[in-house]
Amino acid sequence: MAEAAISLSEDRYARFAAISWWRQDRLRSARVLVIGAGALGNEVLKNFALLGVGDVVVADLDRVEASNLTRSVLFSAADTGRPKAEVAAARMRAMCPDTQATALVGNVLADVGLGWFRRADVVIGALDNREARVFVNQACARLGRPWFDGGIEVLNGIVRGFHPPHTPCYECTMTAADWSVLNQRRSCSMLARQALAARGTPTTPTTGSVIGAMQAQEAIKLLHGLEHLRGAGWIFEGLGHASYRCEYQLLPDCPWHEPVPEVHAPAWCGHETTLTAVAEYARNVLGGLDAIDLPRELVETLTCAACGRSDACNRPLEALDAAAVQCPGCGAERAPRAYHSIAAGSIVPGRTLGGIGLPRFDIIFARCGERSLGIEMGADAPAPGGQVA
Ligand SMILES: [Zn+2]
Ligand SMILES: [Zn+2]
């Protein structure tokens with residue numbers, strides 16, 4: 001880097017340098033994964049760019065709509081119709097020359113490989129639904145990554161910090177009523193679920209600023225080794241000016257507190273690798289293989305009860321939209337046959353990781369007795385400094 005560029009960069013962060021514990025180099029070398037580029041995500045991402053965080057990956061499925069413009073500082077009317085993640089990443093790069101921003105256009109439950117979670121120092125959930133929060137929590141628990149969840153509704157908001165498996169996690173905070181709502185939605189048909197998901201939460205840019213700022217600030221504190229929310233929450237009540245901290249309890253029967261398995265990222269393993277090759281690798285490392293556990297539900301076949309027709313699917317359950325579940329024969333809604341584990345004895349030769357519907361850069365978990373090994377699609381890892389769109 002030229003000398004002039006260095007001094008310009010130092011000037012840029014002069015007010016941070018006056019803070020005794022501040023370490024700009026830690027922020028510049030940090031990797032952050034932000035799930036969601038809506039009202040909250042915009043505030044979080046804006047702050048990470050202002051702070052000079054070096055590597056920010058942003059994942060979002062949606063495109064910019066007119067109704068986003070009242071709550072999204074990174075979007076303008078000219079962006080309508082473009083993917084939110086791409087617009088947000090481009091704005092961040094323009095805001096801060098030190099920020100390498102990468103856009104992942106996709107649904108976290110279907111399209112974001114767990115490798116993105118493993119490479120992150122901290123994960124931010126800027127989400128508006130429980131299904132995605134449960135998925136992010138599980139991904140973080142499988143890999144031992146800390147994450148900060150944010151939620152906003154009108155003038156109220158909440159920030160929660162979790163570091164599963166070590167601390168109480170998001171699922172530990174879920175009440176019986178929360179589970180019943182989630183399970184009701186899960187038992188609904190795909191079409192009904194998507195109609196529910198399309199309903200937006202009432203939110204304002206002001207509450208989004210408060211909660212998004214707290215999420216970014218907690219991440220900065222974590223990156224500096226300062227005290228932060230760990231198995232705890234911060235609740236903000238905008239109308240009555242109350243804010244307070246609450247501690248969560250680890251639920252004894254919560255499944256997300258097992259030790260984090262070792263993860264290997266062989267460079268030969270990618271989207272085109274066969275399950276047979278992965279199974280052989282796992283057998284050599286673990287001394288045997290009982291099953292391969294998948295980090296997301298995949299659909300093998302779609303079956304129509306009305307006309308009896310059954311078709312291969314090989315996509316993540318959460319990737320199926322109304323058109324995908326409609327029977328091409330009679331037009332009725334077909335039922336997906338989903339699975340999230342493959343017994344060692346039922347691996348079909350020739351099937352590839354991508355071919356069964358896993359996204360690129362995902363991680364699968366091989367199990368033998370009590371032992372578990374994560375295998376990342378290392379061949380799909382982003383090149384250092386490379387862009388993924
Ligand atoms: Zn838990
Ligand atoms: Zn049919």
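With respect to the conditions (1) part of a helix (DSSP H, G or I); (2) open to solvent by less than 10 Å² (accessible area, probe 1.4 Å); (3) more than 26 Å from Glu153 (Cβ to Cβ); (4) touching a strand residue (DSSP E or B) at 6+ places or on another chain (Cβ under 9 Å), Glu86 falls short on a single one, namely (2).
Conditions (1) under 21 Å from Leu109 (Cβ atoms); (2) open to solvent by 70 Å² or more (accessible area, probe 1.4 Å); (3) away from ligand 2 (no atom under 16 Å from the Cβ), marked per residue:
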{"residue": "His224", "(1), (2), (3)": "no, no, yes"}
{"residue": "His228", "(1), (2), (3)": "no, no, yes"}
{"residue": "Thr273", "(1), (2), (3)": "no, no, yes"}
{"residue": "Ala279", "(1), (2), (3)": "no, no, yes"}
{"residue": "Asn284", "(1), (2), (3)": "no, yes, yes"}
{"residue": "Leu298", "(1), (2), (3)": "yes, no, yes"}
{"residue": "Thr303", "(1), (2), (3)": "no, no, no"}
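The set of residues in segment 355-384 being in a loop (DSSP other than H, G, I, E, B), closer than 16 Å to Trp116 by Cβ and in contact (Cβ under 8 Å) with a residue 60 or more places away in the chain consists of Leu358, Pro359, Arg360, Phe361, Asp362, Met377, Ala381, Pro382.
Does segment 315-338 contain at least one residue that is over 26 Å from the mean Cα position of the chain (by Cα), away from ligand 2 (no atom under 15 Å from the Cβ), small (Gly, Ala, Ser) and open to solvent by 50 Å² or more (accessible area, probe 1.4 Å)?
Checked segment 315-338: no residue is over 26 Å from the mean Cα position of the chain (by Cα), away from ligand 2 (no atom under 15 Å from the Cβ), small (Gly, Ala, Ser) and open to solvent by 50 Å² or more (accessible area, probe 1.4 Å).
Of all the residues in segment 145-169, those that are within 13 Å of ligand 1 (Cβ to nearest atom) and not in a strand (DSSP E or B) number 7.
Results for (1) closer than 17 Å to Gln215 by Cα; (2) over 12 Å from the mean Cα position of the chain (by Cα), shown as yes or no for each residue.
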residue: Thr99; (1), (2): no, yes
residue: Asn107; (1), (2): no, no
residue: Val112; (1), (2): no, no
residue: Trp116; (1), (2): no, no
residue: Ala120; (1), (2): yes, no
residue: Asp128; (1), (2): yes, yes
residue: Glu131; (1), (2): no, no
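Residue pairs whose Cβ atoms lie under 7 Å apart, sitting 6 or more positions apart in sequence or on different chains, and linking a residue in segment 274-290 that is over 17 Å from Val263 (Cβ atoms) to a partner that is open to solvent by 60 Å² or more (accessible area, probe 1.4 Å), are Thr274/Arg351; Leu275/Arg351; Thr276/Pro349; Asp290/Arg367. Within segment 41-62, no residue that is not assigned by TED's automatic domain parsing to the domain that holds Val123 and charged (D, E, K, R) sits with its Cβ atom under 9 Å from a residue that is outside any loop (DSSP other than H, G, I, E, B) and crowded, with 22+ Cβ neighbours inside 10 Å at 6+ positions apart or across chains. In this structure, Glu65 does satisfy being more than 18 Å from Gly125 (Cα to Cα) and within 25 Å of the chain's Cα centre (by Cα). Restricting attention to segment 340-355, the residues being more than 15 Å from Cys269 (Cβ to Cβ), open to solvent by 50 Å² or more (accessible area, probe 1.4 Å) and not β-branched (Val, Ile, Thr) number 6. Of the strands (runs of 3 or more DSSP E) lying entirely inside segment 227-309, the ones with 1 or more residues being basic (Lys, Arg) and on the phi < 0 side of the Ramachandran plot are found at 242-247, 291-303.
The values are calculated or read from the model by the stated rules, or taken from the named source; none is laboratory data. Worth saying up front: this structure is predicted, and the values here are computed from it rather than measured. Here the Cβ is made from the backbone with ideal geometry for all residues, glycine too, and neighbour counts use every protein chain on show. The accessibility values were calculated without ligands, DNA or RNA, using every heavy atom of the protein model including side chains. Shrake-Rupley method; radii C 1.70, N 1.55, O 1.52, S 1.80 Å.
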